[in-house]
1. For the range 46-66, how many residues meet the condition of being of a type in the set (Val, Ile, Thr), over 16 Å from residue 111 (Cα atoms) and exposed (fewer than 13 other Cβ atoms within 10 Å of the Cβ)?
2. Determine which member of the set 26, 32, 38 is of a type outside the set (Lys, Arg), within 18 Å of residue 90 (Cβ to Cβ) and modelled with pLDDT of 90 or more.
3. Just to be sure I understand, how many residues within the range 67-76 are buried (at least 16 other Cβ atoms within 10 Å of the Cβ) and either farther than 10 Å from residue 118 by Cα or in contact with a Gly (Cβ under 7 Å, 6 or more places away or on another chain) (or both)?
Amino acid sequence: MAKKPKVLPTIEWLQPRVRLARILSLVCFFALVGVLALFYLCLLDLHGARPWVILLIELVPLLIMAPGVISGSPRGHSWLCFVLNLYFIKGAIAAFDPNRQLFGVLEMAASLALFCSALLYVRWRFQLNRRLAGE
């Protein structure tokens, strides 16, 4: 049996979705950074630890990915999806602690929203690039 060739969506269908996924991924990226900053600097009891040191350690993976996400690089967004697994797992672990349950749920929600929007951006941007190249 011969396989049917995959049909790419039209440029008119892809362009607004690429733009929307890009905007959503930027909003979710900064929302995740904001959730981390708000909780570590203001709300969590760190038992005497310096909150800015803990926050810096937490933000290092996101700061490494920030140039690719801000510039709109599909490769940067795809690598971000791998890094986001760390934040989702950390949020799930925090959600089981009654003192940090809200923080864990918010961290999981922000990382999941960012993962989905970044994944859709990569997929639609790749399809749009193929369409624009004449495939």
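The values are calculated or read from the model by the stated rules, or taken from the named source; none is laboratory data. Not measured: the values here are computed from a predicted model. Here the Cβ is made from the backbone with ideal geometry for all residues, glycine too, and neighbour counts use every protein chain on show.
1. Count: 2.
2. Details: 26 fails: within 18 Å of residue 90 (Cβ to Cβ); 38 fails: modelled with pLDDT of 90 or more.
Criteria check complete, one pass: 32.
3. Total satisfying the criteria: 4.
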